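Remarks on the structure that follows.
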Number of protein chains: 2
Amino acid sequence: MTAQIINGRDVASRIQDGIREEVTAFKEKHGFVPGLAVLLVGEDPASAMYVRMKGRRCESVGMNSYTNTLPADSTQGEVIAAVRAFNDDPAVHGILIQLPLPDHIDEEAVLKEVSLAKDVDGFHPVNIGALAMKGRTPTFTPATPTGCMTLIAETGVDVSGKKAVVLGRSNIVGMPMSLMLNNANATVTIVHSRTQNPAEIIKSADILIAAIGKPEYVQADWIKPGAVVIDVGTNQVDDPESERGYKWVGDVDFEGGKEVAGAITIVPGGVGPLTIASLIQNTMKAAKMSVGEEI
Amino acid sequence: MTAQIINGRDVASRIQDGIREEVTAFKEKHGFVPGLAVLLVGEDPASAMYVRMKGRRCESVGMNSYTNTLPADSTQGEVIAAVRAFNDDPAVHGILIQLPLPDHIDEEAVLKEVSLAKDVDGFHPVNIGALAMKGRTPTFTPATPTGCMTLIAETGVDVSGKKAVVLGRSNIVGMPMSLMLNNANATVTIVHSRTQNPAEIIKSADILIAAIGKPEYVQADWIKPGAVVIDVGTNQVDDPESERGYKWVGDVDFEGGKEVAGAITIVPGGVGPLTIASLIQNTMKAAKMSVGEEI
């Protein structure tokens, strides 16, 4: 059996086509376009690259994008002042704080400053609290796990009642992912560095989300035949055969895994494009909320 | 094998003895005692009974307790005004909103009103958000799961690396319980009404927390030999042999379970007393915070 290969670029591109139309209609009606503001502290090249990609994608759907880059040695007060400036700016509908922040900055205190109406990354503690609690609906949900849910939906598999294993428990992916799968009525197990016999638990998963950042950690024979495998990992590994000397691989052995899984994402081009698409969807939603439109 | 029987009354009583001493020392130093305020909306007899028990327990450790009982048809505004009055009252260090609130009241909006410094039940969305996120520490954690963690610690079993199954995903017990066990490095699975083959998953648990409110749902042969079983259920069932015509049973078959488990809580008298003890611990902490004492 060969798995359905999930190409995130195609899915993201379809979502963005829809958003582009919405932006056009929104502009005609309201005279302005949605704007996403990104705050970047320091000059980490990977972060800077992500920020540029987000900006380009915004522009491609007709949204405005703004970036404020602060020096790595900015004070807590300076970072918070930059957040507040975005909060007060009526042209900004969504605010993204590029994580991680430098070590001397209190991340929680900064994320808490983001206006709830503009928290398109869904990391305000109130949004995470609402995600955790039954009967509450967060205004926004974090982009990467939201994108993973979209990719699972693409396969046509009904999450309800399925066994889901989330590999990794980061604040950005694993934790909100496990809450979202639980809210969708999956039976969720979180596997992490202290888990004993991870292979055995992973093998029980109808839906596997791999988000631990270990290159090709999940072996093909750890995958339940027919499972949906969503690989969030993007790991750079040496590749003497490639001109640039390296290649990107996920947290799952893709070549082996695609012979066992029912559906599997490619890396790169699987989850990554959906993260940005989800962020743009959230920004569209924030802009609609700002003019009191039903969402 | 017969399990270690966990008697929550003994554990709670030991905790309360410690708090009683702390209250005495606190009063000598500061001239006042900690106070817990409870807001009860409506006249549900079970809720009224819990509130009375909390009041009595506070008094037994030398704390003040206040209860504001509002009629069941109170408006949202009246309920929020009552919360704010507690927020503003310097004699009140901890505030408890007795749940559930009547259906016409927006629970989330009410819980959000509780001052973070007085949120001894840990249900403010910011406290739940902090519980969910790595590297954050909630000021207070919900009383029942905190009590369960205390009972697990009583058995001497190290949670880290163990497989834990949480049966039920309520906001009050299951959800915060799963987050606390994950934070303690257990490998956590949440089992709920949509789970397929719950018995099989339950059987894999080194630590089982049962909190679904189904009398004796967990059969003895679903329990892993040697497991720690914490039974949060308190279900009233008919008992023609008893004078009052009913008895209380947990979510686990206790008689069968104690022959298989390594440790098991009794019902009643297992988790219940710990819930109140945890609430009192949190109120002590809130009072210390109010005078700037290290906690």
* To do: Would you mind telling me the share, in percent, of accessible area of the protein assembly as shown contributed by carbon and sulfur at probe 1.4 angstrom?
  => 50
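Determine the shape class of segment B:176-295: with a ≥ b ≥ c the square roots of the Cα gyration tensor eigenvalues, call it rounded for a/c under 1.5, and otherwise prolate if a/b is greater than b/c, oblate otherwise.
Details: a/c = 2.39, a/b = 1.36, b/c = 1.75.
Oblate, since a/c reaches 1.5 and b/c is not below a/b.
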* Asked: Given labels modelled 7 Å from the Cα in the Cβ direction, how far is it in nm from A:Lys247 to B:Lys27?
  -> 7.4
* Taking N as the number of residues in chain A, what value does Rg over Cα atoms divided by 2.2 N^0.38 Å take? -> 1.01
* Structure fact -> Sorting from shortest, the nanometre distances separating the label point of B:Arg52 (7 Å past Cα along the line to Cβ) from those of the same residue in the other copies are 7.1
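Over segment A:77-182, calculate the relative contact order: mean separation of alpha carbon pairs under 8 Å at least 6 apart, over the residue count, as a percent. Before the final figure, lay out the partial values.
Details: 98 pairs, mean separation 20.8, N = 106.
So the answer I get is 20 percent.
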* Structure fact -> Ordered by number, the GluC sites (Glu not before Pro) in segment B:1-50 that occupy a DSSP loop and have at most 15 other Cβ atoms within 10 Å are B:Glu43
* Asked: So how far, in whole Å, is the C-alpha centre of segment B:207-283 from the one of segment A:1-56?
  -> 50
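Which whole-number percent gives the relative contact order of chain B, counting Cα pairs below 8 Å spaced six or more residues apart?
Working: 589 pairs, mean separation 63.4, N = 295.
Computed over chain B, the figure is 21 percent.
Filter the chymotrypsin sites (Phe, Trp or Tyr not before Pro) in segment B:1-102 to those in DSSP coil with at most 12 other Cβ atoms within 10 Å of their Cβ, and list the result. Could you put the intermediate results ahead of the total?
Values: sites: B:Phe26, B:Phe32, B:Tyr50, B:Tyr66, B:Phe86; in loops: B:Phe32.
Taking segment B:1-102 and a limit of 12 other Cβ atoms within 10 Å, no loop chymotrypsin sites (Phe, Trp or Tyr not before Pro) are found.
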* Given charges at beta-carbon only (K, R positive; D, E negative), |dipole| of segment B:143-272 in Debye -> 560
* **Expected 222 nm ellipticity per residue - DSSP helices of 4 or more, -39500 (n - 2.57), all of chain A, to 500** => -12500 deg cm²/dmol
* Please work out the average accessible area per residue across chain B, using the 1.4 Å probe convention, and give it in Å². => 42
* Buried accessible area for the A:B pair, summed, 1.4 Å probe, in Å² rounded to 100? -> 3200
* Asked: Accessible area drop of at least 40 Å² (1.4 Å probe, protein heavy atoms): which residues of segment A:124-138 qualify, relative to the chain alone?
  -> A:Pro125, A:Val126, A:Ala132, A:Met133, A:Lys134, A:Arg136
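With a sphere of radius 13 Å drawn around the Cβ of B:Ser160, what net charge do the other residues whose Cβ falls strictly inside it have (Lys, Arg +1; Asp, Glu -1)?
Numbers: positive: A:Arg194, B:Lys162, B:Lys163; negative: B:Asp158, B:Asp206.
In short, +1.
Please say if the protein assembly as shown is rounded, prolate or oblate, where rounded means a/c under 1.5 for a ≥ b ≥ c the square roots of the C-alpha gyration tensor eigenvalues, and otherwise the choice is prolate for a/b larger than b/c and oblate otherwise? Kindly include the intermediate steps, with their values, before the conclusion.
Working: a/c = 1.99, a/b = 1.34, b/c = 1.49.
Oblate.
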* To do: Count neighbours as other Cβ atoms within 10 Å of each site's Cβ, and list the trypsin sites (Lys or Arg not before Pro) in segment B:89-168 that are DSSP loop with at most 14 such neighbours.
  => B:Lys134
* **Using a 7 Å Cα-to-Cβ projection, B:Gln76 label spacings across copies, nm, ascending** => 3.5
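Can you pull the percent of Cα pairs in segment B:31-117 with separation above 22 Å?
Distances greater than 22 Å cover 23 percent of the Cα pairs.
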* Asked: In terms of Cα to Cα distance under 27 Å, which lysines are near enough to B:Lys112, apart from those fewer than 8 places away along the same chain?
  -> A:Lys112, A:Lys118, A:Lys134, A:Lys285, A:Lys288, B:Lys54, B:Lys134, B:Lys285, B:Lys288
* Output ³J(HN,Hα) for segment A:53-70: one whole-Hz value per residue in order, computed from phi by the Karplus curve 6.51 cos²θ - 1.76 cosθ + 1.60 with θ = phi - 60°, and x for Gly and Pro. => 4, 4, x, 4, 5, 4, 4, 5, 9, x, 8, 7, 9, 10, 10, 10, 9, 9
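The values are calculated or read from the model by the stated rules, or taken from the named source; none is laboratory data. Keep in mind that this is a model prediction, so the values were computed, not measured. Counting neighbours? That spans all protein chains shown, and the Cβs are built from the backbone with ideal geometry, glycine included. Heavy atoms of the whole protein, side chains included, go into the accessibility calculation; ligands, DNA and RNA do not. Shrake-Rupley method; radii C 1.70, N 1.55, O 1.52, S 1.80 Å.
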